[in-house]
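Structure record follows, encoded as structure tokens.
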Number of protein chains: 2
Amino acid sequence: MAQFTLGLDFGSLSGRAVLLDLASGTVAAVAEAPYKHGFIKGELPASGERLPHGWSLQDPADYLAVLEQIVPQVLRRAAAQPGSIAGIGLDFTAATVLPVQKDGTPLCFLPGFRQEKHAYVKVWQHHAAQAEALAMTRAARQELPGLLERYGGSISAEWLMPKLWQTLKEAPAVYEAMDHYLEAGDWLVWQLTGQLTRGSCAAGYKALWNKQAGYPPASYFTGLDSRLAGVLDKKLAGPVCPSASRAGRLSRQAAARLGLKEGIPVAAAMVDAHVAVPGAGISGAGQMLIIMGTSNCHLVLAEEEASVPGICGVVEDAVVPGYFAYEAGQNCVGDLFDWFIRNLLPAGLKEQARRENVSEHLILRRLARELKPGQSGLLALDWWNGNRSILNDADLSGLILGLTTSSTAAEIYRALLEATAFGTKKIMENFLDHGVGFDSVTACGGIAAKDPFLLQIYADVTGRPIRALQNSQLVATGAALYGAVAAGVLPDLTAASQLVQTGEAVLYQPDTANSLIYDKLYAEYCLLHDLLGKEGPAVMKRLLAIRQESSL
Amino acid sequence: MAQFTLGLDFGSLSGRAVLLDLASGTVAAVAEAPYKHGFIKGELPASGERLPHGWSLQDPADYLAVLEQIVPQVLRRAAAQPGSIAGIGLDFTAATVLPVQKDGTPLCFLPGFRQEKHAYVKVWQHHAAQAEALAMTRAARQELPGLLERYGGSISAEWLMPKLWQTLKEAPAVYEAMDHYLEAGDWLVWQLTGQLTRGSCAAGYKALWNKQAGYPPASYFTGLDSRLAGVLDKKLAGPVCPSASRAGRLSRQAAARLGLKEGIPVAAAMVDAHVAVPGAGISGAGQMLIIMGTSNCHLVLAEEEASVPGICGVVEDAVVPGYFAYEAGQNCVGDLFDWFIRNLLPAGLKEQARRENVSEHLILRRLARELKPGQSGLLALDWWNGNRSILNDADLSGLILGLTTSSTAAEIYRALLEATAFGTKKIMENFLDHGVGFDSVTACGGIAAKDPFLLQIYADVTGRPIRALQNSQLVATGAALYGAVAAGVLPDLTAASQLVQTGEAVLYQPDTANSLIYDKLYAEYCLLHDLLGKEGPAVMKRLLAIRQESSL
């Protein structure tokens, strides 16, 4: 009796499983567990080797351990029979990639490679392949202009190809020894089904794959580096499997390890943010979904393909078959607020938070809420991690302007919140200016569920109502929907998105008086954005160069 | 038996007295006492009235109380006979002004004006006469271009005339009731001598007075406001008395109150920073003196008058007769570092300072010292209180650029220290570009004596050796020298500056490797300085306008 669909959501630091009830569209149970080693930065545990600046690794053994913990747990919590699971869908952070042998064994599991940093998973936030990304962008600009149009104009250092090339250059033995280089999500699906497939979602957004054209031509790669000859056949083999289609069936071994029944259909791996689209009940054009957390991801479905500068990518069929899915993003949102707390929270406020037993963010927000827009005279550019959209430039940096001797910590904190809202408005206007329309905005993710103050600022700054979903399981739920469609128990993602119960939503309406002031501040934000990020003097880049020189 | 000269130094928050031994040129004793009410901000004690933003008042009764405490004390400490004092010199913060009656009684002493805020002393940092200053600058630009050339191009809201006009506009009864509006230093000299005089130093720098031309013509004032007709005769009467000349002799009443002998010559009141010039042993051209503390004051003597944009002023004979004394300044130095500690010092560092029983500045400096120049990638514009020199613009504000999620409190703090050094370098280059030369730099004041880390940064940034005087009594000593010259026991300030023992000096030599990096950072500082302070988009001014609008 098929009753549930299983969603597996592998985030940056933990994995979670949900069982979605196919009759009611509600979540029957949830289980979650953290990766034992989290991010591996600073030093490699197996050798004690110091990792260079920008490196961020993971150990794939952690994923398997989490998988084997959360699946039995979620089944127990829902008292679900092994036979009651109709399908399995899985999402993973994207551009989190690893080298494996022919049989799927990660190179870092082999004694000979245990102490080799390039043999581990390189996480999306591994930022050490910048030189490779720049060279790839330059070459693509000359040879493959059409390709760059689909990626907002540049190739990111986070993506699979620059990371693979970095491996070749810095650890040719690892390059030589690997039979496949693939997304961690695809690797986990392989562990479930026993078959290598590559989900079209990550392949499209992070590996330059396209439904019509496939991967870039071999000549592009050999032009970059003659040692990349044959890279597509030798390292990137394996069928690209469309989103919401079946990648395979649960193998006997995997079923035994997880307490499930052999043969359950498993969907092609998906990118984590993207499964939130049907998870949030969206399956058509005209709606923007913002997944808000450490970073912001902005997704819009459209019927047409348009060239939009500065986005992360547009991929056909990647999220909902039949649509082009546009992705843009800001890489420093919750991360920015945390930076402030970590580095500049004054002792008095820290002590107050401790005394009242509330979060330090809450203490700052309480003070920041008493200010009117514009009252502090402060304005920030939210580029603490560089700028993802719409400037695509990792070498930019943050700015605060308007400081006086009466500026307070709460005023600065509020300016940081507002800066991320201005960044979102910039992304919205960029979509609209280039023909990708939307007339409603939905927010989900950790911040959308627990930060009404920030959501109201976003509504006021953008001048748009924002519907914030309070359900924190939307991503894992989305993964479950892909599993159900792949298994054929739901006909398509439209039906899936209609079935799902997204739970409570709060509608934030823009306050007109605030919006009028924010319009003025946004004009100044845009001016600084263009002056320091585009046409103006490259102060930030030169400071970075001085910094690198001075740190030698 | 004339043995000593008495120096009285009235600073922002306290007064101090020194007895200088005329034989040895050394300080025989010091006494100091704070003003009971300090700065009166926020609310007026006599009425509880809320004072507007930017207001800063003092009660002249506090000056008298301090005077009557420190003079007898310093005499006792040196075991000096009342007859052993040859002369008295007095300096005071400049543009600290008050309205008085014909007999010198401050209006705020009268029951009818006790609750009237305009009847009190308006301190130099009272920043509420901006509209008046702008209107005066505009009118002067048309009618008196030569006058503005002596003041770097604009009239400051801090000065006597804008404050007087503000009083007329906002409290006509106070304007009507006052017989004189004068500097607090001149008022104190009057209390000592029984005679109204005005020191040419403050008159020249802060009241538009000039040795050749006197005050601006009456038509200038009536053009501003018809009610200012007769202002020079009615409110600014009293002889302007040259620096280092005798304003009068100690009256019998004052002598009795202070425990001194009647008839001691009293020099004309001086501006506090300026007396540091002979106090530091300087009496000729070619040397820059920087008085470093809450703010920085840069003084250079020269034989010629030149038009230097953006300085505070150039006044003939004001410091050392026979020379033109050029003054420039930065209004946010120690104040900036204190702002950081007050608002953004993280709890961990605060706790560390407490545990080790050292200052919070020291804890930050210790971390900041471990960084190399340029290593943080940060750059700041030091305009937290606007910019005094060389932009003369109170509406500018501070900026920090280059922030990343790895930026630390110590890195930001160091960027603030460096920003003030860049500001000083800008002032130096401006002097040199406009024909005011100097080939040595001496620093004095609180920071020069106790902050070797900052002094080294100044040497590295400016690429010049800086001689830092460790003696913290140089200002009061300077005042004593003016008293001795006015009394005729020293022939002139050259002799006085040769007599004085300035004490220990530390020479900071620029580190060439650091200077090379700072040259690059300074180029970026200049670029931002001009872009945001001069020709570029007036982002800071528009933010201020939005702020004012939003605070209504």
Do you know the relative contact order of segment B:240-356, to the nearest whole percent, from alpha carbon pairs under 8 angstrom that are 6+ apart? 20
From the C-alpha gyration tensor of segment B:54-132, pull out the three semi-axes of the equivalent ellipsoid (sqrt of 5λ each), sorted largest to smallest, in whole Å. 31, 15, 11
Could you please tell me the mean projected area of the C-alpha convex hull for segment A:274-411, averaged over all directions and given in square nanometres to one decimal? 10.7
Zone of B:S219 (label point 7 Å along Cα→Cβ, backbone N under 19 Å): which residues in segment B:118-143? B:136-143
Take the alpha carbon gyration tensor of segment B:1-157, find the square roots of its eigenvalues, order them as a ≥ b ≥ c, and report rounded if a/c is under 1.5; if not, report prolate when a/b exceeds b/c, else oblate. oblate
Computed over chain B, the relative contact order (Cα-Cα under 8 Å, seq sep at least six) in percent reads 16
Once phi for every residue in segment B:170-176 is put through the Karplus expression 6.51 cos²θ - 1.76 cosθ + 1.60 (θ = phi - 60°), the whole-Hz ³J(HN,Hα) values, with Gly and Pro written as x, are 9, 8, x, 5, 5, 4, 4
Residues of segment A:73-104 with backbone nitrogen within less than 16 Å of a virtual label 7 Å along the Cα-to-Cβ line of A:Q253, please, listed as ranges. A:100-104
Span per principal axis, largest first, for the Cα atoms of segment A:451-516 (Å): 50, 19, 14
Global geometry of segment A:81-170, whether rounded, prolate or oblate, following the gyration tensor of its Cα atoms and the 1.5 cut on a/c: oblate
Karplus-derived HN-Hα couplings along segment A:316-323 (A = 6.51, B = -1.76, C = 1.60, θ = phi - 60°), whole Hz, x at Gly and Pro: 6, 6, 5, 10, 10, x, x, 10
Counting only other chains, what is the mean number of Cβ atoms within 10 angstrom of the Cβ of each residue in peptide A:527-536? 2
Work from the charge dipole of chain B (Cβ charges, +1 for Lys and Arg, -1 for Asp and Glu, about the Cα centre) and give the residue of B:T93, B:A495, B:N343 farthest towards its positive end. B:N343
Label-zone membership for segment B:269-293, site B:E304, 7 angstrom Cα→C-beta point, backbone N under 17 Å: B:285-287
With no solvent term and unit scatterers on the alpha-carbon positions of segment B:350-493, Debye gives log₁₀ I(q)/I(0) at q = 0.18 Å⁻¹ of -1.21
Can you give me the distance in nm between label points at A:K41 and B:E549, each placed 7 Å from the Cα along the Cα-to-Cβ direction? 4.0
Using only alpha carbon pairs under 8 Å that are at least six residues apart, calculate the relative contact order of segment A:246-307 and give it in whole percent. 23
Percent breakdown of C-alpha pair distances by 10 Å bin, ordered from the shortest bin, for segment B:424-538: 12, 30, 32, 18, 8, 1
Expected 222 nm ellipticity per residue - DSSP helices of 4 or more, -39500 (n - 2.57), all of chain A, to 500: -12500 deg cm²/dmol
Distance between the C-alpha centers of segment A:249-303 and segment B:410-467? Whole Å please. 59
Dipole in debye (nearest 20) - the protein assembly as shown, about Cα centre, beta carbon charges: Lys, Arg +1; Asp, Glu -1: 1680
Span from the segment B:117-156 Cα centroid across to the segment B:502-524 one, whole angstrom: 35
If I take R0 = 30 Å and measure r between the Cβ atoms of B:Q81 and B:A61 in this structure, what FRET efficiency does the formula 1/(1 + (r/R0)^6) give, to the nearest 0.05? 0.50
Computed from the beta carbon distance with a Förster radius of 41 Å, FRET efficiency for B:L134 and B:A495 to the nearest 0.05 stands at 0.40
Percent of all Cα-Cα pairs per 5 Å bin for segment B:351-427, counting from 0 up to the last occupied bin, reads 3, 15, 22, 19, 17, 14, 7, 2, 0
Order of A:190-199, B:444-453 by packing, highest average Cβ count within 10 Å first? A:190-199, B:444-453
Between A:L13 and the same site in the other copies, what are the distances in nm, shortest first, taking label points 7 Å from Cα along the C-beta direction? 4.2
Taking one equal scatterer on every alpha-carbon of segment A:289-331, how large is log10 of I(q)/I(0) by Debye at q = 0.13, 0.19, 0.29 1/Å? -0.26, -0.54, -1.01
If you project the alpha carbons of segment B:133-213 onto the principal axes, what extent comes out on each, in Å, largest first? 39, 30, 18
Just order A:344-350, B:284-290, B:48-54 by mean Cβ neighbour count inside 10 Å, highest at the front, would you? B:284-290, A:344-350, B:48-54
Equivalent ellipsoid semi-axes - Cα gyration tensor, chain A, angstrom: 35, 29, 23
Computed on Cα atoms, Rg of segment B:185-248 relative to 2.2 N^0.38 Å comes out at 1.20
Two-decimal Rg to Rh for the protein assembly as shown - Kirkwood Rh, Cα set: 1.09
Out-of-range pairs (alpha-carbon distance over 18 Å; input A:K41/B:K350; B:K117/B:K163; B:K163/B:K426; B:K206/B:K235; A:K117/A:K163; A:K163/A:K211): A:K41/B:K350; B:K163/B:K426; A:K163/A:K211
Nitroxide proxy distance, nm - points 7 Å out along Cα→Cβ at A:E351 and A:E262: 6.7
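The numbers here are math on the coordinates, done by the rules we state, and not lab data. Note that the structure is a prediction, hence the values are computed from the model and not measured. Note that we place each Cβ from the backbone using ideal geometry, even for glycine, and neighbour counts take in every protein chain shown.
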